[in-house]
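Just so it is clear, none of the values below were taken in a lab; they were calculated from the coordinates. Bear in mind the structure is a predicted one, so any value in this text is a computation, not a measurement. So basically every Cβ, Gly included, is an ideal-geometry build from the backbone, and we count neighbours across all protein chains shown.
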Number of protein chains: 2
Amino acid sequence: MAQKPSIPKGTRDFSPEEMAKRNYIFNTIREVYKSYGFREIETPAMENLSTLTGKYGEEGDKLLFRILNSGDSLKDFDRNELLTITPTEFAARACDRGLRYDLTVPFARFVVQHKNELTFPFKRYQIQPVWRADRPQKGRYREFFQCDADVIGSDSLLHEIELIQIIDKVFGRLGIRVSILINNRKLLTAIGQVIGAEDKIVDLTIAIDKLDKIGWDGVHQELLAKGFTEGAIASLKPILELSGTNTDKLTTLEESLKSSEVGMKGIEELRYIMRKLDLIPLQNEVKLDLSLARGLNYYTGAIFEVKALDVQIGSITGGGRYDDLTGVFGEKGMSGVGISFGADRIFDVLNTLDLYPEETKGGSRLMFVNFGEKEEEYILPLLYKIREANIAAELYPESVKMKKQMNYADQLSIPYVAFIGADEMANNTITIKDMKTGEQKSYTFEELITLLRG
Amino acid sequence: MAQKPSIPKGTRDFSPEEMAKRNYIFNTIREVYKSYGFREIETPAMENLSTLTGKYGEEGDKLLFRILNSGDSLKDFDRNELLTITPTEFAARACDRGLRYDLTVPFARFVVQHKNELTFPFKRYQIQPVWRADRPQKGRYREFFQCDADVIGSDSLLHEIELIQIIDKVFGRLGIRVSILINNRKLLTAIGQVIGAEDKIVDLTIAIDKLDKIGWDGVHQELLAKGFTEGAIASLKPILELSGTNTDKLTTLEESLKSSEVGMKGIEELRYIMRKLDLIPLQNEVKLDLSLARGLNYYTGAIFEVKALDVQIGSITGGGRYDDLTGVFGEKGMSGVGISFGADRIFDVLNTLDLYPEETKGGSRLMFVNFGEKEEEYILPLLYKIREANIAAELYPESVKMKKQMNYADQLSIPYVAFIGADEMANNTITIKDMKTGEQKSYTFEELITLLRG
């Protein structure tokens, strides 16, 4: 009955080494979120399909993992129907629940469902896996983790400022040099107005969002296909390619967009954010990028994206302001702003740049070699005291050959190995081998604790 | 288009307050596991159904959540089949994946799949949700968390000793007084032999496991129904009801079970564990309980269970030794031993006994009242420094009515509120209101940091 075991395509096991690295990333993000007053929530892996469907476009609906109803999943069907039913309709009726696709829609659902228990503005963070039935490929998984922070119920631009500080602080602590790109959807709307394509703002946004991938020629082609005039496209180009300092860009834009009220509002917001950021120490550059669009339709104000400077990889963090996230659940006019760290890409960046600190290795700091029952009984109370000092330590569980025991310590990168034999028991000392240098030295228990803490 | 949002039956949202409490439990368990040299792994939420089915009995198979295959889930069926297919066969063929039902089977799968990358004995812990399509009821959820630690690839009884220490330490740190019950499956086997029911060990175990719920009369009835003789049942009762110290019980048992080799082995194992535990400080009593059986069939040696002394609730932790967990995946002879903390019940116990420490509340330590833009600009750099000191703090995002701002701090149980107006800016001071006492006092920035750290 033996099966060769495997896991579903696009999913991953995380080894102790990988978990230690991932926890380092999650804990860094968590600590920064917390220091800004964000509080954690979790939502269930399964949501009702009525919560999920229609929120991610037609393509998104296809990528939802659906849970077959328990018990007799066919009981609600007239069997004859099954001869002709479409797969889509079948799935819709045989499944009431699906796995969450992102953290944003469950968060909107949470806010509406619990609004009477919440205090607004509500600042929450959430670090959980999401699932998408996407075609797996390098760096794209069917189960992956999102690390979101959002503030809902406040229009204040202070939140934009704090989210930028959070981004700066997280990457500062991780040691990743980044460029924090910022734009404002209001400017994109104004550009649409000014080039005479006010009715095609969504097409414009989607096309600009692809600039990185398909280049200006590609964007040009796409805009033509969507019915933009050559004149409109020609007047778009210099705006997207504005250079100079953030202040230079805003000054030029103010002139080009002066006929647009919403454009002036966008410029005012950006100036406010930049002015406040000047008061605070930042480690990374915040750069106004007019070609930053972000695909999602619900953004209405500031939008952010983060690029790593030392590794070629897509955006590693993104976010923005939305004026109505909860409307679809019957709660209108809740403005919010949020960011999401891409944990999997950050993991790759840290690996590429080899930036994990030594402590990330985790595991025991010390292993006692096992020489037999008498030594075991001597060691157990010592081990107890070491662990009470919050130091991870272990005793090899069997008195097998020394080579096997040392090999275990070596494989697990345990930095110190302790030997206690008859001499050590008589003298109340512990012989310690430093596994890096190979040096061996005698310690008292107190000296050992100091060594392990160091 | 508004929907009234809800979540699937048997699932839960966790509010910031609940998350803080849950993280306190998980972190306590995690810290103790780590100090004993256990290392964390995670496995995907979805497993292939071939990994899951047949591992939890027929009843368990019915409780698996199955994921409908993506795309056209009916494509592998001849439509005419669907007229007569059984729901079970349909589910089996329309679904390749399911949600994990526990952490034990995925762990066994993990060990076999990655055995060439692992160093044995492999000590892992895992804290993740599991899903069961059980009928939801008070305290029973369809999504709940397990916190498992297992050692695999070692027969050493030192692991049993360390797992008992871990249990003792976790409940010690949480402040829950418990009784740690221990037994050995070998004794149950020996009892079966001695009462002449060697062929019915499984029935015997299952019946004894229910003693708590159905009492001795119930067990008696069940054993009769399973074909045990009145004589066998009569000779069972005094053994299960043995009283006295652990040593007394073992001495009596040694006499009653002396004809059974496996019984003598079980007694030897228990004596060894007890002797070693005597060398180590324990906060809770470890009690030999011969009526402890644990339902799961894979246990072969020591078994554990933990009862809270001050709250009426079922077992809050359990575990045991198994000789062959990975055999079903083609890897024979891997002995292991493990425990699992019942996080949801521990959560309830801590709530009932009101044992959460003050820090568990989480959230900001300080809120600055917002008096307007000038004050904001003065406060932002201060706030930056406070957060750099790893203290969670926030500025109310809008200069709205004082009452609304104070209400926010109050609702979020923020212990200190800071006021900075013209006077404070001129004097370089900060006026702080202690929200518990209502007292107001002037601080320098350095004094404030000291206060917030305290």
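Brief remarks follow.
- Between the amide H of A:T431 and those of A:F419, A:Y443, distances stay under 5 Å, these residues lying 5 or more places away or on another chain, with hydrogens modeled in the peptide plane.
- Kirkwood hydrodynamic radius of the protein assembly as shown, from the reciprocal of the average inverse Cα-Cα distance over all distinct pairs: 31.0 Å.
- In this structure the amide hydrogen of B:N184, modeled in the peptide plane, comes within under 5 Å of the amide hydrogens of B:I303, none closer than 5 places in sequence on its chain.
- Those residues of segment A:37-71 whose amide nitrogen sits under 13 Å from the label point placed on A:T88, 7 Å along Cα→Cβ: A:54, A:57-63
- Residue among B:G172, B:I206, B:T189 farthest towards the positive dipole end of segment B:161-216, charges placed on Cβ: B:G172
- Under 18 Å from A:K258, Cα to Cα: lysines that are on another chain or at least 8 residues apart: A:K186, A:K237, A:K249
- Across all directions, the average projected area of the convex hull around the alpha carbons of segment A:366-453 is 5.2 nm².
- Counting only DSSP beta bridges whose two residues both lie in chain A, roughly 80 percent are antiparallel.
- Under the combined filter of DSSP loop state and at most 11 neighbouring Cβ atoms within 10 Å, segment B:93-198 retains these GluC sites (Glu not before Pro): B:E117.
- Interchain or long-range residues, amide H under 5 Å from B:T300's placed H: B:R321, B:Y322, B:D323
- Within segment B:336-355, backbone nitrogen closer than 13 Å to the virtual label 7 Å beyond the Cα of B:D310 toward Cβ: B:349-355
- Expressed as a whole percent, the proportion of Cα-Cα pairs in chain B lying more than 32 Å apart is 54%.
- Helix-only mean residue ellipticity at 222 nm for the protein assembly as shown, each DSSP H run of n ≥ 4 adding -39500 (n - 2.57), per residue, nearest 500: -12500 deg cm²/dmol
- Charge dipole (chain B, unit charges on Cβ, about Cα centre) - positive-most of B:Y396, B:M406, B:L68: B:L68
- Label zone at A:F77, where the point sits 7 Å out along the Cα-to-Cβ direction: segment B:75-117 residues whose backbone N lies under 20 Å: B:75-98
- Residue pairs, from the table B:K169/B:K441; A:K276/B:K436; A:K401/A:K436; B:K200/B:K332; B:K34/B:K436, whose Cα atoms sit over 30 Å apart: B:K169/B:K441; A:K276/B:K436; B:K34/B:K436
- Crossing angle, helix A:158-174 versus chain A [Cα axis fit, 0-90 degrees, rounded to tens]: 40 degrees
- Looking at segment B:366-453, the DSSP beta bridges with both ends there are about 55 percent antiparallel.
- A DSSP coil position with no more than 11 other Cβ atoms inside 10 Å describes none of the chymotrypsin sites (Phe, Trp or Tyr not before Pro) in segment B:47-136.
- Gyration tensor verdict on segment A:7-65 (Cα atoms; rounded if a/c is under 1.5, prolate if a/b is larger than b/c, oblate otherwise): oblate
- Computed label-point distance, nm, for sites A:A234 and A:K62 using a 7 Å Cα→Cβ extension: 3.9 nm
- Relative to the longest principal axis of the Cα atoms of chain B, the long axis of helix B:246-256 makes an angle of roughly 20 degrees.
- Overall form of segment A:1-146: oblate. Here a/c, set by the Cα gyration tensor axes a ≥ b ≥ c, is 1.5 or more, and a/b is not larger than b/c.
- Take B:A422, push a point 7 Å out from Cα through the beta-carbon direction, and compare it with the same point in every other copy: 8.7 nm, smallest first.
- DSSP bridge pairs, segment A:30-171: antiparallel proportion in percent, nearest 5: 90 percent
- Size of electric dipole in segment B:202-328: Cβ of Lys, Arg +1 and of Asp, Glu -1, about Cα centre, debye, nearest 20: 160 debye
- Check: segment B:311-454 dipole with +1 on Lys, Arg Cβ and -1 on Asp, Glu Cβ, in debye: 200 debye
- Restricting segment A:50-143 to trypsin sites (Lys or Arg not before Pro) in coil, as DSSP defines it, with at most 10 other Cβ within 10 Å: A:K75, A:K138
- Cα-projected label distance for A:V400 with A:N297, points at 7 Å along beta-carbon direction, nm: 6.1 nm
- Using alpha-carbon coordinates, inclination of helix A:373-388 to the longest axis of chain A, degrees: 40 degrees
- Chain B, dipole about Cα centre (Lys/Arg Cβ +1, Asp/Glu Cβ -1), debye to the nearest 20: 300 debye
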